[in-house]
Every structure is written in C-alpha cells, then in structure tokens.
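Below: the structure, in structure tokens.
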Amino acid sequence: MALGRFYITMLKILLIILAIACTAITAPGQKHPPRRKEQGARISKAHPTVYVTYVRTGKREPIYTGESNEGIWLRLHNNTRWALVLSAYGAGGYAFAKGNEEEIGMFYGVEEIPKPREIAVGSPTLVLPPATQTTTGKDQEASKDKYQECEIPLGNWCHACSIIKLQPGKSLLFSVPREHLCKNHKLYLIYQYEWEEYAGEPEHRVYFYGTDIPKGRR
C-alpha cells in the first residue's frame, strides 16, 4: 500500500513538472491582442488643429459705440479631439447669440502686422531671412490696392463673460467690425483645451489675417 501511494505521489509530481515545462515552452509563442493604434490630435489631417475661415462681408449691427455697420463674418473650427474653452459675450452660462445661424459674440484681440524693414541706399550689406524679398519703389506702388490700413482698435476683453466649449469637430460663427480687419491687422482668439484646469497653463491663440480676406470682399 505504501509503495502504491509512493508511485501515485511521484506520478502527480511528474505531471506537475511536465505541465510547467509545457507552459514555459509555449508561452513565448502566444499571440497577444494587437494594441489599438493611437489616434492623432487632428480629426482631419487636411486641416490645422484650430483655424479660422472667412464666411462673408455685409451689414452688421454695431455692438460697441464707435463701430461701423460694416462687418466681416468668420468661422472658428475645432479640428482636435478635445473641446476648446473660450470666452463669449454674456453673463456666465448665457453666451450672446443671434440670428438663424446662432452667431456667437466672441472676445478677441487685434494686432498690427509688422511691416518689412526698409533698407537705405548705400547702407552696409544686411543678412536677411531667406523668405525676405526687396522691391523697388515702382514694384511697391504696383502692389498697393484700395484695401486700407487702420488704427489698432481697443481690446474687447471680458466685461461680462460666458465661458463656452467648442466640441471636437464643431465650429462657431462670429463677426467683427470691418475696420478691425484691415490689411495691416491680424485678429486672434485665445482658447484653452478642456483638460487644462490650472492657472499658469500655456496660452493658445489662433490667428486670422486681414490679408486672408478674398479680394473683392474687403
């Protein structure tokens, strides 16, 4: 009886050893589920992450004193996979909107586009960036058009703000006075990503240049 139990015990031990050996041999050959490929930041690879496009020019009801009744409509696009956080007119939670297109009153800033540096005749040779080109007086006169230059307007930052979110793949329509987008101006909107919740986060800006308005629409 004792001998029989000994053989049974030894058989169990042998089976356990064989099972462990088989596992060690076959484990490296096992196929793991393929990892899900990470998606890029852009929804459409054909467009920037955040950008502004021209919509139209037309009559516009002034919002502030001193604004003209001529306006330019623009559209802000969110081509990222995260919501954008922006400031709009209106008390908290009540963004100003009007019309069938649900136009949003956006807070924005305007900067002047730096002019090319002029080089005096007979001055020492200067090393200019590769993209810089110099033109003669006649060329400069020929390049001028009727699209006027304007003074930089005062900022229209938050007095009564509504924090809004622009969801991934969505866009919103807003308008500005025509004189805020002359050929020497660039307009910008400041935004944050929805996951940026702390003070001191980087400031994100998206620009639209006055020179990007189609000719004939300026």
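Give me a count of the residues in segment 59-89 that are in contact with a strand residue (DSSP E or B) (Cβ under 6 Å, 6 or more places away or on another chain) and either outside any strand (DSSP E or B) or not polar (S, T, N, Q) (or both).
Of the residues in that region, 18 qualify.
(1) out of contact with any Phe, Trp or Tyr (no Cβ under 6 Å at 6 or more places or on another chain); (2) of a type outside the set (Ser, Thr, Tyr); (3) modelled with pLDDT of 90 or more: which one isn't true of Trp82, the others all being true?
The failed condition is (1).
Give me the residue from segment 59-82 that is surrounded by fewer than 18 Cβ atoms within 10 Å (Cβ to Cβ) and either in contact with a Lys or Arg (Cβ under 7 Å, 6 or more places away or on another chain) or aliphatic (A, V, I, L, M) (or both) and, out of that set, nearest to Ile163 (Cα to Cα).
Once the filter is applied, the top-ranked residue is Ile63.
Kindly indicate whether Gly40 is on the phi > 0 side of the Ramachandran plot and at pLDDT 60 or above. Walk me through it before giving the result.
On the way: on the phi > 0 side of the Ramachandran plot: no; at pLDDT 60 or above: yes.
Against the criterion (on the phi > 0 side of the Ramachandran plot and at pLDDT 60 or above), Gly40 does not qualify.
In segment 40-72, how many residues are farther than 13 Å from Leu181 by Cβ, touching a residue at least 12 places away in the same chain (Cβ under 8 Å) and either in contact with a helix residue (DSSP H, G or I) (Cβ under 8 Å, 6 or more places away or on another chain) or of a type in the set (Asp, Glu) (or both)?
So the count comes out to 0.
The values are calculated or read from the model by the stated rules, or taken from the named source; none is laboratory data. What you see is a predicted model; the values in this text were computed from it and never measured. Backbone-built Cβ (ideal geometry, glycine too); neighbour counts: all protein chains shown.
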